[in-house]
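A short write-up of the structure that comes next.
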Amino acid sequence: MAKIKLEYIWLDGYKPMQSMRSKTKVVDSEKFTGKVADLPLWSFDGSSTQQAEGGSSDCILKPVFICPDPDRKNAYLVMTEVLNADGTPHESNGRATISDTTDDFWFGFEQEYVLQDPETGKPLGFPADGFPAPQGPYYCSVGANNSFGREIIEEHLDICLDAGLNVEGINAEVMAGQWEFQIFAKGAQRAGDEIWVARFLLDRTAEKYGVVVDYHCKPVKGDWNGSGMHANFSNSALRTANSQEFFESICNKFAPKERIEACIAVYGPDNDQRLTGLHETQSIDKFSFGVSDRGASIRIPLYTVQHDWSGYLEDRRPNSAADPYKVASVIIETVNS
Ligand code: ADP
Ligand code: MN
Ligand code: MN
Ligand code: MN
């Protein structure tokens, strides 16, 4: 009887960035239908992940998304939500805070990250002492003088596509050793599921090469770009608005101080180091929006203007270490306010 390997992935309770944890459940192929609804709940020791006390340590894993695991024989990846023993969502469970579980909201996340040499603690392409040539040639570069770690990101792209994740593109970024992938999905939860699974596959692929994926939003201080996770979003109202006023009214919902604080609270740790007003960002304490403006908090893409003010918006503030579930959650809450 063939056996199937299910890799249950969850987010732990560490702060400020939750890490991914995973463990393998081996099941009989006869009992496996491939459907999320048929997958068993599972439990884990929450006292080892900062999610429970030792005295009552069990937390529950509830499967919410499944895809093939192309890098392992007879295997699938299962994204899960963490529940308390009584079945309620655990406080670390950002996915459960998403109010809109339809696919009316579409999200395209641009996940930036830096490949890091664990021996030097520096990005690939940085010498052990000092710095490489100033940034400029690295963005979308080709060639061994400017492009570092391509074999890893190519392998990651193929694995993601084979898994059925909706990666729309990849590119080398502005700092040496910095890269990006974009994932688009209809439905906030689905977009978050795919980003987390893609991060898992990125970490596991880089691990094979002895390379670390650094999700910190400002890995190198000074005149080096930080890492973001721009959140492109739309709902049916925005996609069919045909109205500049409507777009501006949505942007203005993000402007009150209370909203700025609610957003920044979940847009990733240490974002003050990245949102400085330099390096294609707006300052963390300011809010602005503008057409094609990469120095704004929210950019109105040219696409939207060219399609007679129907389309999407780009919130440029979320950083590379943010939880896409929580980012989507606060954007939906704000748009619907
Ligand atoms: P840039 O680097 O110029 O900011 P990218 O091409 O890297 O842009 O990313 C743009 C993202 O916008 C893509 O992930 C894409 O899927 C997403 N996107 C496009 N149209 C929509 C839409 N209607 N709703 C939500 N996201 C969208
Ligand atoms: Mn991009
Ligand atoms: Mn980018
Ligand atoms: Mn962008």
Response to the item:
Phi-derived 3J(HN,Hα) across the range 180-191 with the Karplus relation (6.51, -1.76, 1.60, θ = phi - 60°), rounded Hz, x for Gly and Pro, is 9, 10, 10, 10, 10, 8, 8, x, 5, 5, 4, 4
Worksheet item: Say the dipole of the chain comes from +1 at the beta carbon of Lys and Arg and -1 at that of Asp and Glu; which of Phe109, Phe32, Phe131 then lies farthest toward its positive end?
Response: Phe32
Practice prompt. Take each of the peptides 287-295, 113-121, average the number of other beta-carbon atoms within 10 Å over its residues, and list them starting from the highest.
Written response: 113-121, 287-295
Fill in: Residue-wise HN-Hα coupling along the range 192-209, computed from phi with Karplus coefficients 6.51, -1.76, 1.60 (Hz; x: Gly, Pro)
x, 4, 5, 5, 5, 5, 5, 5, 4, 5, 5, 4, 6, 5, 5, 4, 4, 8
Item to complete: Give Lys35/Lys326; Lys62/Lys122; Lys122/Lys186; Lys62/Lys326; Lys31/Lys62; Lys5/Lys62 a once-over and call out the pairs whose C-alpha atoms are over 27 Å from each other.
Response: Lys62/Lys122; Lys122/Lys186
Worksheet item: Would you list Asp158, Asp285 from the most to the least accessible area, probe 1.4 Å?
Response: Asp285, Asp158
Worksheet item: How big, on average over all directions, is the shadow cast by the Cα convex hull of the range 113-175, in nm²?
Response: 4.8
Practice prompt. Please work out the Kirkwood hydrodynamic radius for the chain, using every pair of different C-alpha atoms, and report it in angstroms with one decimal place.
Written response: 20.9
Worksheet item: Given the Cα atoms of the range 1-83, and with Rh set as the inverse mean 1/r over their pairs in the Kirkwood sense, what is Rg to Rh to two decimals?
Response: 1.01
Item to complete: Pop a pseudo-label 7 angstrom from the Cα along the beta-carbon direction at both Glu119 and Val142 and give the gap in nm to one decimal.
Response: 3.0
Worksheet item: In deg cm²/dmol and to the nearest 500, what is the mean residue ellipticity at 222 nm of the chain if only DSSP H runs of at least 4 residues count, each as -39500 (n - 2.57), divided by the residue total?
Response: -7000 deg cm²/dmol
Practice prompt. With a 1.4 Å probe and all protein chains in place, put Glu207, Glu81 in order of accessible area, largest first.
Written response: Glu207, Glu81
Worksheet entry | Highest to lowest packing among 328-337, 82-91, scored as the average C-beta count within 10 Å | 328-337, 82-91
Discussion item. Taking 0.36 nm per residue of sequence separation and subtracting the Cα-Cα distance, how much length would be gained by fully extending the chain between Lys25 and Ser337, in nm to one decimal?
Written reply: 108.2 nm
Discussion item. Using DSSP to call loops (not H, G, I, E or B), can you name the trypsin sites (Lys or Arg not before Pro) in the range 164-231 whose Cβ has at most 10 other Cβ atoms within 10 angstrom?
Written reply: Lys221
Response to the item:
If unit charges are put on Cβ atoms (+1 for Lys and Arg, -1 for Asp and Glu) and the dipole of the range 106-335 is taken about its Cα centre, the option from Ser227, Ser329, Phe184 lying farthest towards the positive end turns out to be Ser329
Worksheet item: Roughly what would the spin-label model give for Val305 and Asn171, points 7 Å off Cα along C-beta, in nm?
Response: 1.8
Worksheet item: Given a 1.4 Å probe and every protein chain left where it sits, what share in percent of the accessible area of the chain is carbon and sulfur?
Response: 50
Practice prompt. Report the Stokes-Einstein translational diffusion coefficient (µm² s⁻¹, integer) for the range 103-146, Rh taken as the Kirkwood radius over Cα pairs, at 37 °C with viscosity 0.692 mPa s.
Written response: 250
Practice prompt. Between the alpha-carbon centers of the range 3-52 and the range 205-245, tell me the distance in whole angstrom.
Written response: 26
Worksheet entry | Å² per residue, accessible surface of the chain at 1.4 Å | 43
Item to complete: Kindly state, to the nearest 0.05, the FRET efficiency for Thr276 paired with Ala75, given R0 = 25 Å and r defined as their beta-carbon distance.
Response: 0.05
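The values are calculated or read from the model by the stated rules, or taken from the named source; none is laboratory data. Please read these numbers as outputs of a predicted model, since none were measured by experiment. Please note: Cβ atoms are built from the backbone with ideal geometry, for glycine as well, and neighbour counts cover all protein chains shown. Each accessible area value is taken on the protein alone, full model and side chains, heavy atoms only, with ligands, DNA and RNA left out. Shrake-Rupley method; radii C 1.70, N 1.55, O 1.52, S 1.80 Å.
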